[in-house]
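Participant: Here it is, the structure, as structure tokens.
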Amino acid sequence: MKGEKDIRVVGTVALTALLPAATAMASGRQGEGVGQQQERANIVLFMVDDMGWQDTSVPFWERRTPLNDTYETPAMERLASEGMLFTQAYASAISSPSRCSLLTGANAARHRVTNWTLHRDTSTDIDDADLQPPCWNWNGISQTAGTPNTFVARSFVDILHSNGYHTIHCGKAHWGAIGTPGERPEHFGFDVNIAGHAAGGPATYLSELNYGHDADGQPTSPMSTPHLEKYWQTGTFLTEALTRECLAALDDWKSHAQSGEVGGMEPFFLYMSHYAVHVPIDRDQRYYQKYRDRGLSEKEAAYAALVEGMDHSLGDILHWLDANGETQRTIVIFMSDNGGYATGSYWRDEPLYTQNAPLRSGKGSLLEGGIREPMIVRWPGQVEPQSRCDSYITIEDFFPTLLEMAGISHWRVPQTVDGRSFMPLLRQTGDPSKGRDLVWNYPNVWGNEGPGISLNCAIRSGRWKFIYNYKDCSKELYDISQDIGEHHNVAADHPDVVRRLSRKLGRHLRRMKAQRPTVKATGQPCPWPDEG
């Protein structure tokens, strides 16, 4: 920026000084630190909702499991054969915390969007008899100040946009509550928004139900998917409708790029963020009967069809890149926002239909089943095909990594970025996970039942995973290298490790100004991990 010193992160500078500059850069498309003369990579971030680590025919463990033989995901298989598979990619236990960390680079303990968002000024916490969740940021994130219970930050998308990227959002957003600036993807620097709004899931995947609208076109639920009227009553499953709109947006980019209307071959960033495989588990009839014929229950077959429909979308995007000569200059990243839905549900009409074995528990839990995700990166000429990374990364790492992929070396943001670039892992030149601690804080009550659900915090440090439960101050310690399923709590056998990780976790949480629940009977905050 002219007249200003380029710095990587600004953590405490007054927002009034930064935000006008950010707005000016976005509107003027002024590059902050990238060589404009170099051909830059297109980037596709393909995000799946609630997809478990085992909901695929691609094994993300040391061996195949029966679940890998249940699902058919040929596009994921292709992507893994042409890129790098990550066996220890982490996110938050539920959607909004993950997605806000993705966009801001901040850990959920710092941005305080620690539960899922929907209605403005309204907590989504389920009542707990003993503890009161904190006053968290239930309005989500925003690039502008002025909304209470909101974390103000600049998105990496806005930085890409200001550096000449054409930015496309398709599908689920879930960054801000209804009626706040953050509910709209355009607010964060997207040129194109297809069907993104405040909701964290679809009312229905069925066009026969107008994706959640009545005969007069009015939404029947806050989850009703917008912008897709032309597909109503056509028999087009929501996943397919989003894919068609995504490909149309890419066609539009291509035609304008070729004509020189967007600066020649201006690169694109596509955030293909499917509502799949979130509930409701509607039947994608293209694949449903195949799985029923294999002996799966109706719910299991519907879920498997939902997974395959998502994978078909990935395959369509890969085919578009091939057909348009963009494969070699396009990075494709596959990721899920939290673990698979394998815990007891308070949506009693939704019986369990999947699992995360050998991982324990699922969505909403700080056990591995709730936070370990399927992740693949393909980058022709940079990432070795059929490679595998066993080092750990986490969702906030995408922020600095994507900017580095785009060749953007300097950027200004008001927030502290906790993420670390995993570029050394992609190029196999180093391991940023060595000596690094990953931290989760979940002082909320999501509502589901099962192990590791709600009102806890955790740290991953090397081979060790430590979980502290706010409710009873109990502590769990697992050696992930030997016990991936977290079946053996070895806290009693390693009191020195428990003390060390209790101190580490407590320090990390205090440094990020994390929140904790309070005890209803006393009104006092729960002890930190190194106090309990």
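Participant: Does the stretch 212-325 come out rounded, prolate or oblate, given a ≥ b ≥ c as the square roots of the eigenvalues of its C-alpha gyration tensor, rounded meaning a/c under 1.5 and, failing that, prolate meaning a/b above b/c? Don't skip to the answer; put the middle values down first.
Facilitator: Numbers: a/c = 2.89, a/b = 1.55, b/c = 1.87.
Oblate.
Participant: Report the far tail of the P(r) of the stretch 464-511, meaning the percent of Cα-Cα pairs longer than 14 Å. Each step should come with its number before you reach the end.
Facilitator: Numbers: 562 of 1128 pairs.
When every Cα pair of the stretch 464-511 is considered, 50 percent fall beyond 14 Å.
Participant: Would you kindly state how much longer the chain becomes between residue 215 and residue 298 on full extension, computed as 0.36 nm times their sequence separation minus their alpha carbon distance, in nm to one decimal? Let's see the in-between values first.
Facilitator: Values: separation 83, 0.36 × 83 = 29.88 nm, distance 2.87 nm.
The residue 215-residue 298 span can extend by a further 27.0 nm.
Participant: Charges only on Cβ, +1 for Lys and Arg, -1 for Asp and Glu: so what's the dipole of the stretch 446-532 about the Cα centre, in debye to the nearest 20? If you can, show how the numbers build up before the last one.
Facilitator: Numbers: 15 positive and 10 negative charges, 129 e Å.
Value, rounded to 20: 620 debye.
Participant: Show the residues, 5+ positions off or on another chain, whose built amide H is closer than 5 Å to the amide H of residue 366.
Facilitator: 454
Participant: Here is a follow-up. Lys/Arg Cβ at +1, Asp/Glu Cβ at -1, dipole of the stretch 84-144 taken about the Cα centre: which of 139, 103, 93 is farthest positive-ward?
Facilitator: 103
Participant: Same structure again: When only C-alpha pairs under 8 Å and at least 6 residues apart count, what is the relative contact order of the chain, in percent? Before the final figure, lay out the partial values.
Facilitator: Working: 1285 pairs, mean separation 125.6, N = 532.
Computed over the chain, the figure is 24 percent.
Participant: Which order, highest average first, do 434-446, 86-98 follow once you tally other Cβ atoms within 10 Å for each residue and take the mean per peptide?
Facilitator: On the way: 434-446: 20.8, 86-98: 26.2.
In descending order of packing, they fall as 86-98, 434-446.
Participant: Ignoring everything except DSSP H segments at least 4 long, calculate the 222 nm mean residue ellipticity for the chain; use -39,500 (n - 2.57) per segment, divide by total residues, nearest 500.
Facilitator: Details: 12 runs with 131 residues, N = 532.
-7500 deg cm²/dmol, from helical runs alone.
Participant: Please list, ordered by chain and number, the residues whose modelled amide H lies under 5 Å from the amide H of residue 119; skip anything fewer than 5 residues away on the same chain.
Facilitator: When sequence neighbours closer than 5 places are left aside, the close amide H contacts are 178.
Participant: How much net charge surrounds residue 431 when only the other residues with a Cβ under 15 Å from the Cβ of residue 431 are counted, with Lys and Arg +1 and Asp and Glu -1?
Facilitator: On the way: positive: 388, 420, 427, 434, 436, 460, 463; negative: 390, 397, 437.
Net local charge, residue 431 excluded: +4.
Participant: For residue 213, which sequence-distant residues (separation of 5 or more, or a different chain) have an amide H within less than 5 Å of its own amide H, given hydrogens modelled in the peptide plane?
Facilitator: The list, which skips near neighbours in sequence, is 220.
Participant: Beta carbons within 10 angstrom, averaged per residue: use that to sort the peptides 44-57, 314-327, highest first. Intermediate values should be presented prior to the final figure.
Facilitator: Details: 44-57: 26.0, 314-327: 16.4.
Listed from highest to lowest mean packing, they are 44-57, 314-327.
Participant: Using a 10 Å cut-off on Cβ atoms, rank the peptides 387-396, 470-479, 452-461, 125-134 from the highest mean neighbour count down. Walk me through the numbers on the way to the answer.
Facilitator: Numbers: 387-396: 21.0, 470-479: 18.2, 452-461: 23.5, 125-134: 16.5.
Those peptides, ordered most packed to least, come out 452-461, 387-396, 470-479, 125-134.
Participant: Could you let me know the centre-to-centre spacing of the stretch 91-134 and the stretch 163-219, using Cα atoms, in angstrom?
Facilitator: Taking the Cα centre of each part, the stretch 91-134 and the stretch 163-219 sit 19 Å apart.
Participant: Further question on the same structure: When we measure straight from the Cα of residue 230, which lysines land under 21 angstrom away, once same-chain ones fewer than 8 places off are left out?
Facilitator: Hits, sequence-local ones excluded: 172.
Participant: Please work out whether the stretch 42-97 counts as rounded, prolate or oblate from its C-alpha gyration tensor, where a ≥ b ≥ c are the square roots of the eigenvalues and a/c under 1.5 means rounded, while otherwise a/b larger than b/c means prolate and anything else oblate? All intermediate terms of the calculation are to be shown ahead of the outcome.
Facilitator: Details: a/c = 1.68, a/b = 1.20, b/c = 1.41.
Verdict is oblate for the stretch 42-97.
Participant: Each residue of the stretch 467-483 in order: what ³J(HN,Hα) in whole Hz does its phi give by Karplus 6.51 cos²θ - 1.76 cosθ + 1.60, θ = phi - 60°, with x for Gly and Pro?
Facilitator: Values per residue, Gly and Pro as x: 10, 10, 9, 4, 5, 10, 6, 6, 10, 10, 10, 10, 8, 4, 5, 10, 9 Hz.
Participant: Step through the residues of the stretch 173-184 one at a time and calculate ³J(HN,Hα) from phi using the Karplus curve (6.51 cos²θ - 1.76 cosθ + 1.60, θ = phi - 60°), rounding each to whole Hz and writing x for Gly and Pro.
Facilitator: Calculated HN-Hα couplings, in order: 9, 6, 10, x, 6, 4, x, 10, x, x, 6, 9 Hz.
Participant: Next question, about the same structure. Carbon and sulfur together cover what percent of the accessible area of the chain at a 1.4 Å probe radius? Write out the running numbers ahead of the final one.
Facilitator: Working: 9330 of 19020 Å².
That share works out to 49 percent.
Participant: Please report the antiparallel percentage of DSSP beta bridges with both residues in the chain, rounded to the nearest 5. Numbers along the way, then the final one.
Facilitator: Working: 32 of 62 bridges.
Roughly 50 percent of the beta bridges in the chain run antiparallel, per DSSP.
Participant: Pick out, from 491, 526, 514, the residue whose Cα sits farthest towards the positive end of the charge dipole of the stretch 488-527, with +1 on the Cβ of Lys and Arg and -1 on the Cβ of Asp and Glu.
Facilitator: Farthest along the dipole direction, towards plus: 514.
Participant: While we're here: Kindly provide the Kirkwood hydrodynamic radius of the chain in Å, to one decimal, from all pairs of distinct alpha carbon atoms.
Facilitator: Values: mean 1/r = 0.0429 Å⁻¹.
When all Cα pairs of the chain are included, the Kirkwood radius is 23.3 Å.
Participant: If you place +1 on the Cβ of every Lys and Arg, -1 on the Cβ of every Asp and Glu, and leave all else neutral, what size is the dipole of the stretch 346-426 about its Cα centre, to the nearest 20 Debye?
Facilitator: On the way: 8 positive and 10 negative charges, 7 e Å.
Magnitude of the dipole: close to 40 debye.
Participant: Rounded to whole Å, give me the distance from the Cα center of the stretch 473-532 to that of the stretch 224-293.
Facilitator: 42
Participant: Continuing with the same structure: 7 Å from Cα along Cα→Cβ at both residue 229 and residue 65: what's the point-to-point distance in nm?
Facilitator: So the two model labels end up 4.5 nm from each other.
Participant: Hull surface divided by four, with the convex hull built on the Cα atoms of the stretch 154-272: how many nm²? Please list the in-between numbers first.
Facilitator: Values: hull surface 30.3 nm².
About 7.6 nm², averaged over all directions.
Participant: Treat each spin label as a single point 7 Å out from the Cα along the C-beta direction, and report the residue 482 to residue 290 distance in nm.
Facilitator: If labels sit at residue 482 and residue 290, their model points lie 4.3 nm apart.
Participant: With +1 on each Lys and Arg Cβ and -1 on each Asp and Glu Cβ, how big is the dipole of the stretch 176-311 about its Cα centre, in debye rounded to the nearest 20? Numbers along the way, then the final one.
Facilitator: Details: 10 positive and 20 negative charges, 79 e Å.
So the dipole magnitude of the stretch 176-311 works out to roughly 380 debye.
Participant: For the chain, list the cysteines whose Cβ sits under 4.7 Å from no other cysteine Cβ?
Facilitator: Singleton cysteines: 100, 135, 389, 457, 473, 526.
Participant: Using only protein heavy atoms and a 1.4 Å probe, report how much of residue 245 is accessible, in Å² to the nearest 10.
Facilitator: Looks like 40 Å² after rounding.
Participant: Which of rounded, prolate, oblate describes the stretch 32-186, given a ≥ b ≥ c as roots of the alpha-carbon gyration tensor eigenvalues and a/c under 1.5 marking rounded, otherwise prolate only if a/b is larger than b/c? Don't skip to the end; give the middle numbers.
Facilitator: On the way: a/c = 2.46, a/b = 1.19, b/c = 2.07.
Here the stretch 32-186 falls in the oblate category.
The values are calculated or read from the model by the stated rules, or taken from the named source; none is laboratory data. On a predicted model such as this, the values are computed, not experimentally measured, just so you know. Virtual Cβ from ideal backbone geometry, glycine too; neighbours counted across all protein chains shown. What goes into the accessible areas is simple: the full protein's heavy atoms, side chains included, and nothing from ligands, DNA or RNA. Shrake-Rupley method; radii C 1.70, N 1.55, O 1.52, S 1.80 Å.
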